[in-house]
1. Has segment B:99-110 got any residue that is aromatic (Phe, Trp, Tyr) and touching a Phe, Trp or Tyr at 6+ places or on another chain (Cβ under 6 Å)?
2. Could you list, in sequence order, all residues of segment B:179-209 that are in a helix (DSSP H, G or I), within 14 Å of another protein chain (Cβ to nearest Cβ) and farther than 15 Å from B:ASP257 by Cβ?
3. Looking only at residues that are modelled with pLDDT under 90 and of a type in the set (Lys, Arg) in segment A:48-70, which one is farthest from A:GLU333 (Cα to Cα)?
4. List pairs: first residue in segment B:104-128 and free of Cβ contacts under 8 Å to residues at least 12 places away in the same chain, second residue surrounded by 11 or more Cβ atoms within 10 Å (Cβ to Cβ) and not aliphatic (A, V, I, L, M) anywhere in the structure, Cβ distance under 6 angstrom, at least six positions apart or on different chains.
5. Out of (1) more than 14 Å from chain B (Cβ to nearest Cβ); (2) of a type outside the set (Asp, Glu); (3) in contact (Cβ under 8 Å) with a residue 40 or more places away in the chain, the odd one out for A:THR356 is which?
6. Return a yes/no flag: does segment B:160-173 have any residue that is closer than 20 Å to B:TYR195 by Cα, surrounded by fewer than 15 Cβ atoms within 10 Å (Cβ to Cβ) and within 14 Å of chain A (Cβ to nearest Cβ).
7. Just give me the residues in segment A:70-110 being over 20 Å from A:GLY30 (Cα atoms) and of a type in the set (S, T, N, Q), in sequence order.
8. Within segment A:74-123, can you find the residues that are surrounded by fewer than 21 Cβ atoms within 10 Å (Cβ to Cβ), among the small types (Gly, Ala, Ser) and within 14 Å of another protein chain (Cβ to nearest Cβ)?
Amino acid sequence: MRRTVFTAIGLCLATSLGAFPAGAQVKQLGKAEGSVDIIAWPGYIERGETDKKYDWVTGFEQKTGCKVNVKTAGTSDEMVALMNEGGFDLVTASGDASLRLISGKRVQPINTSLIPSWKTVDERLQKAPWHTVDNVHYGVPYQWGSNVLMYNTDTFKEAPKSWSVVFEETTLPDGKSNKGRVQAFDGPIYIADAALYLMKHKPELGIKDPYELTEAQYKAALELLRKQRTMVQRYWHDAMVQVDDFTNEGVVASSSWPFQVNLLKSQGKSIASTVPEEGATGWADTTMMHVDAPHPNCAYMWIEHSLSPKVQGDLASWFGSVPSVPAACKGNELLGAEGCETNGMGNFERIKFWRTPVSKCSTQSEGCVPYYRWVTDYIAILGGR
Amino acid sequence: MTSAVLDLPLPRESLSRRLSDALFKYRGLLLTLLLVPPLLWLGIVYVGSLIALLLQSFFSIDEFSGTIVREFTLKTYAELLHPANLDVILRTVVMAAAVTAASAILAFPIAYYAARYARGQMKAAFYLAIMMPLWSSYLVKVYAWKLLLAKEGAVAWAADQIGATPAIDSILSAPLIGGPSLSVSYFGQFLVFIYLWLPFMILPIQAALERVPGSLIEASADLGAAPNQTFRTVILPLALPGVVAGSIFTFSLTLGDYILPQIIGPSTLLLGQAVYMLQGTAGNIPLAAAFAVVPISVMALYLLIAKRMGAFDAF
């Protein structure tokens, strides 16, 4: 009995000592280990179970012999928690999780020379700050997308030019007020949308980045949101609830995702979307590899596979997102010729990608308001304070 | 040689034999053995983790860096008193109280009929009708209600057909409880809460009413009490434990719900949602823990009052 205990302790020590030191990267690839474990957003890794046409797993498994196990996570926090637990190879992390994973040393640098398709990745994404720290890549871009202004085409004959239709009380083209007919997002990160609006309309505030706000800029954003509170019909949280609100609650304009726009259009509703003159907030997801990934070879094979134009295009069509590999936009049957443009390919420069606001920020010397305050204050705004 | 025979050790007793001897000799041992695993579970896994969570509420968050300061302070509790946070608490408690009161008023006649009048098949049908909503998924029910209460949903349509639209409009234009449509108003949220928790109120009241002896009611009538007097002085006091038991369910379930208010209601937060939002990326675990203490203390207070009212005397 005692001997087994000692053996077990010895084994534990051996494995922990033998484990990858943080910061090292894979030098060369070996044989496939037979499986790969991935944490992903729902809908990000499809094996044809929801719709037979959308399957980018089965082919990979047959070709490489790596069985793909997917664990879906509903929030960035869940993803970080799962990565801290360990036992996974890869994660499709968003911008509000990726830097946390890097600074927490939960992910390892990626050796891009082992990924032949790396050079096909959109150049604007190759060095994106949410996965590149000190010129070291901690991940490979997967997909990105933008929040859009969704609107009802019966009310708006032309696309609204500005986010003002959801931020300021105005009379809409159909002659009625927008009060009670617009929505806003119910996450605290929406404060950035207000800041983005102010960047254009109150330049004297000196906002340089909507995720880096000084006290004064932050106050102004909250002020705008408090005014907005009186006109908002509902703060949407759930994509399907929003779809329903545009269908039978008389909502005509809101910040939204291409997913809802595509869904409503496919139901034949008079709905369209636009990115107004102020630009928009958006998200960019990165495939990152766990520092102690148990199946590094299969993980690299999946990363390579995830960048193939077919996967990128199919996924973009399925999720309403934009491929990280521009070649995916051409000749994809599911996405169609216009798919990338519809999902916002041309808007890259006008998109401010989601990041977690922190107190130490680069654009404001006096420091910025950290995210936990965004949360307490957004709770107050939702409560009408 | 002979002495050697005498020194032979006794035959080794089997382990189970010795165990049963020990259990017989030390009376408390069996009880201890049986109680230790569940007590450990209750003490460490259940209460222990709860205490670990609550201890967090005595920490605070550093204003500048957003990191947690692990020093004892009551600062986080003071933050609960900020108007916005106080709003969340008040809103939740008032909603829970309103839902409880309305459920009790609705449930009492139903339970009374089920307990005293329904017989045989009718009684089975009653049980089934009350339990049926509990068999389907919570989420399905909430989403279904969202559709029913929508501006262009079934309720509005039906109201229009029978000419009751002005009634709905007057509710929606009322301050506080109103809103652009039923599904985004406090009134709609209140309705759906009642729908969800009503079975938890009916069943305990019914059980309590069934234990009220019919002879007492007859005696009351014989002594000249009017029906409403009998109700006030005989039936209600005897059924009160059932009402209180039911109200504990409806009150605590409403107090902790954080999914329904996301889907139905005016987008203002209830306690559970506030806790959900404060943990995670926000990293404000102290305030989340302090918020979690609120329903616990409200329930403790509630149970204390219920005890004072004699609600548990019958048990």
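The values are calculated or read from the model by the stated rules, or taken from the named source; none is laboratory data. Note that the structure is predicted; figures quoted are calculated from it, not measured. Reconstructed Cβ throughout: ideal geometry from the backbone, glycine too, with neighbour counts over all protein chains shown.
1. Of the residues in segment B:99-110, the ones aromatic (Phe, Trp, Tyr) are B:108.
Cutting the leftovers down to touching a Phe, Trp or Tyr at 6+ places or on another chain (Cβ under 6 Å) gives us none.
Among the residues of segment B:99-110, not one is aromatic (Phe, Trp, Tyr) and touching a Phe, Trp or Tyr at 6+ places or on another chain (Cβ under 6 Å), which makes the answer no.
2. Going through segment B:179-209, the residues in a helix (DSSP H, G or I) turn out to be B:182-184, B:186-209.
From the residues that got through so far, the ones that are within 14 Å of another protein chain (Cβ to nearest Cβ) too are B:182-184, B:186, B:188-189, B:192.
Across segment B:179-209, the qualifying residues are B:LEU182, B:SER183, B:VAL184.
3. Here the answer is A:LYS52.
4. Sorted first by the residue in segment B:104-128, then by its partner, the pairs are B:ALA118/B:PHE126.
5. Answer for A:THR356: the failing condition is (1).
6. So far as segment B:160-173 goes, no, none of its residues is closer than 20 Å to B:TYR195 by Cα, surrounded by fewer than 15 Cβ atoms within 10 Å (Cβ to Cβ) and within 14 Å of chain A (Cβ to nearest Cβ).
7. If the condition is that a residue be over 20 Å from A:GLY30 (Cα atoms) and of a type in the set (S, T, N, Q), then A:THR72, A:THR75, A:SER76, A:ASN84, A:THR92, A:SER94, A:SER98, A:SER103 are the ones that fit.
8. Result: A:GLY74, A:ALA81, A:SER103, A:GLY104.
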